[in-house]
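Colleague: The structure's right below; bear with me while I get my questions together.
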Amino acid sequence: MKVIDSIVTEAAGLSALRRHLHAHPELSFEEDRTAALIAQKLAEWGIAHERGMAKNGVVGIAKSGMSTRAIGLRADMDALPIQELNTFGHASKHPGKMHACGHDGHTTMLLAAAQHFARHRNFDGTVYLIFQPAEEFGGGARVMIEDGLFEKFPMDAVYGMHNWPGTPVGKFHVGAGPVMASSNEFRITIRGKGSHAAMPHMGTDPVPIACQIVQGFQTIISRNKKPLDAGVISVTMIHAGQATNVVADSCELQGTVRTFTLEVLDLIERRMKEIAEHTSAAFGATCEFEFRRNYPPTLNHAKETALAAKVMAGIVGADNVLVQEPTMGSEDFAYMLQAKPGCYCLIGNGDGSHRDPGHGAGPCMVHNPSYDFNDDLIPLGATYWVRLAEACLPKA
């Protein structure tokens, strides 16, 4: 691997910074301490910056030369509401909060790039270092855009990166087109008529109606959409009743829908509503249908993806740049890619063997209470950010 030597020299300090962030996780839109630390580091290194977008967003500004060209490099900052099972020294000091997705590492990799830019600016233009709050909950990317991110900091393209457990350190995943699915939630309330459980004919039981609706939803995936179009409907919660001898008067279904295109999403939402309402009516009940679209699909742009892959190949070799298989997980970087061309990639986090003694018994998978970011990624990820900036904004 061709990792930048000066970044490797700072590896110990960067690892300590990442572990400090891990020990002090903050949830979405609560990243006050994290944002203050980022701003402090940028100030120490002489990187101009502004704060306050989406409450805790920080944007560093690294300029070099006279060009008006500009790109954005984005890292997310927030943690998850998870009780950490790890007991090593840098485990979370805040019960019920944990950096279980590696945003502590993402923040550190971008800070490492910022530290390099403070000393070496081998590019012509502007690199905006976007430290984004609330990726997990609240759509911090969308809120930053609504607060004027791209108007105040005009850029030609924007890039994001996420660690990926299970892929060895030294490998990247990248690909054009859909890489993450849209994230959507639904709530369906079936209104029947309660009765004594021994006399169900006196009421309208919403539970079997709910069962029919759940079964009907599966035909949307198998019979309504094209077989080659990806889509997932998962009913993850069913709530009804409070006593074994009472037929409930209502039943609630909740769950998630994932797609790679808005066309498939439109189809699924429409058919779900029709099935829920018509099935309820057929059994003499009524239905309240709610569908909330959270994050859109994450779609990489071809030109920017090709450039990112070329940069990766120059660092780790072409054989270690793998085609990114789309996942039904979601990512609010999708909002930035709707507004600007760009690319979102994955960087291998290893198999979990990097974890210090005292880690939990679970796998080192994101959103798992035994997860920990692999500090070996920090110089590699920072090198990618630096080389990408130099490739996007080459000197004449």
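Values in this text are rule-based calculations from the coordinates and carry no lab data. All values derive from a computational prediction rather than experimental measurement. Positions of Cβ are generated from backbone atoms using ideal geometry, with glycine treated the same way; all protein chains shown enter the neighbour counts.
Colleague: Would you mind calculating the relative contact order of the stretch 206-286 from Cα pairs under 8 angstrom and at least 6 residues apart, reporting the percent as a whole number? Numbers along the way, then the final one.
Modeller: Details: 87 pairs, mean separation 28.4, N = 81.
Rounded, it is 35 percent for the stretch 206-286.
Colleague: In units of 2.2 N^0.38 Å, what is the alpha-carbon radius of gyration of the stretch 1-57?
Modeller: That ratio works out to 1.32.
Colleague: Just checking my list (i) -0.69, -1.23; (ii) -0.89, -1.31; (iii) -0.82, -1.17 against log10 I(q)/I(0) by the Debye sum over Cα atoms at q = 0.11, 0.14 Å⁻¹ computed from this structure; which label fits?
Modeller: Entry (iii).
Colleague: Now a separate question. How are the Cα pair distances of the stretch 1-128 distributed, in percent, across 10 Å bins from 0?
Modeller: Reading the bins upward from 0: 12, 41, 32, 13, 2, 0.
Colleague: In the neighborhood of I71, defined by Cβ-to-Cβ distances under 13 Å, what is the net charge if each Lys or Arg adds +1 and each Asp or Glu adds -1?
Modeller: Residues close to I71 contribute a combined charge of +2.
Colleague: Another question about this same structure. Relative contact order of the stretch 22-89, please, whole-number percent, based on alpha carbon pairs below 8 angstrom and at least 6 residues apart.
Modeller: On the way: 55 pairs, mean separation 26.0, N = 68.
Rounded, it is 38 percent for the stretch 22-89.
Colleague: How large is ³J(HN,Hα), in whole Hz, for each residue of the stretch 54-64 in order, when computed from phi with the Karplus curve 6.51 cos²θ - 1.76 cosθ + 1.60 and θ = phi - 60°, using x for Gly and Pro?
Modeller: Couplings: 6, 6, 10, x, 10, 10, x, 10, 10, 10, 7 Hz.
Colleague: I would also like to ask the following. Using only the alpha-carbon atoms, how far is helix 103-119 inclined from the longest principal axis of the chain? Give it as 0 to 90 degrees, nearest 10.
Modeller: The angle comes out near 20 degrees.
Colleague: For the stretch 79-214, what does the alpha-carbon gyration tensor say about shape, rounded, prolate or oblate, given a ≥ b ≥ c as the root eigenvalues, a/c under 1.5 as rounded, and a/b over b/c as prolate?
Modeller: Taking the square roots of the gyration eigenvalues as a ≥ b ≥ c, the stretch 79-214 is prolate.
Colleague: If you don't mind, there's one more thing I want to ask. Please find, in a Gaussian network model of the chain (springs between Cα atoms separated by less than 10 Å), the residue of V58, V179, V143 whose mean-square fluctuation is greatest.
Modeller: V143
Colleague: Enumerate the lysines that K152 could reach by cross-link, defined here as Cα to Cα under 18 Å, with residues fewer than 8 away along the same chain left out.
Modeller: K55, K63, K340
Colleague: Can I ask one more? For the chain, what is the relative contact order in percent, using Cα pairs closer than 8 Å and at least 6 residues apart in sequence? Provide the component values of the computation, followed by the final result.
Modeller: Working: 927 pairs, mean separation 99.2, N = 396.
This gives 25 percent for the chain.
Colleague: Could you give the angle, 0 to 90 degrees to the nearest 10, between helix 206-219's Cα long axis and the longest principal axis of the Cα atoms of the chain?
Modeller: Between helix and principal axis, roughly 50 degrees.
Colleague: With everything on Cα atoms, drop me the angle between helix 302-316 and the longest principal axis of the chain, reported from 0 to 90° to the nearest 10.
Modeller: Helix 302-316 sits roughly 60 degrees off the main axis of the chain.
Colleague: Mind putting together the pair-distance distribution for the stretch 183-295? All Cα pairs, 10 Å bins, whole percent per bin, short to long.
Modeller: The percentages, shortest bin first, are 15, 44, 27, 11, 3.
Colleague: If you take the Cα atoms of the stretch 197-250, find Rg, then find the Kirkwood Rh from the mean of 1/r over all pairs, what is Rg/Rh?
Modeller: 1.16
Colleague: Next question, about the same structure. Mind giving me the FRET efficiency for V246 and C211? R0 is 22 Å, r the Cβ-Cβ distance, nearest 0.05 is fine.
Modeller: 0.75
Colleague: Okay, which of the stretch 116-147 sit inside 20 Å, backbone N to the point 7 Å along the Cα-Cβ direction of S67?
Modeller: Those under the cut-off are 116-130.
Colleague: Same structure again: Using Cβ counts within 10 Å as a stand-in for footprinting exposure, how do D124, D356 rank, fewest first?
Modeller: Neighbour counts put them in this order, fewest first: D356, D124.
Colleague: Continuing with this model, one more query. Provide, in order from the shortest bin, the percent of all Cα-Cα pairs of the stretch 265-396 in each 10 Å bin, continuing until the bin that contains the maximum pair distance.
Modeller: Here the calculated profile for the stretch 265-396 is 10, 25, 27, 18, 12, 6, 1, 0.
Colleague: Sketch the reach of a paramagnetic label on L228 as a point 7 Å from Cα along Cα-to-Cβ, and name the residues of the stretch 149-188 whose backbone nitrogen lies under 17 Å away.
Modeller: Flagged as within label range: 177-178.
Colleague: Specify the residue with the greatest mean-square fluctuation among V246, V127, V321, computed from a Gaussian network of the chain linking alpha-carbon atoms under 10 Å apart.
Modeller: V246
Colleague: Further question on the same structure: Could you list K310, K226, K41 in order of exposure, starting from the residue whose Cβ has the fewest other Cβ atoms within 10 Å?
Modeller: K226, K310, K41
Colleague: Quote the charge dipole size of the stretch 183-295 about the Cα centre in Debye, to the nearest 20; the model charges only the Cβ of Lys and Arg (+1) and of Asp and Glu (-1).
Modeller: Around 220 debye, computed over the stretch 183-295.
Colleague: A follow-up question, please. F137: net charge of surrounding residues, Cβ under 10 Å, Lys/Arg +1, Asp/Glu -1, itself excluded?
Modeller: Its environment carries a net charge of -4.
Colleague: Under a 10 Å cutoff between Cα atoms, tell me which one of A306, A91, A54 has the largest fluctuation in the Gaussian network model of the chain.
Modeller: A306
Colleague: Restricting the count to DSSP beta bridges whose residues both fall in the chain, what percent are antiparallel, rounded to a multiple of 5?
Modeller: Roughly 70 percent of the beta bridges in the chain run antiparallel, per DSSP.
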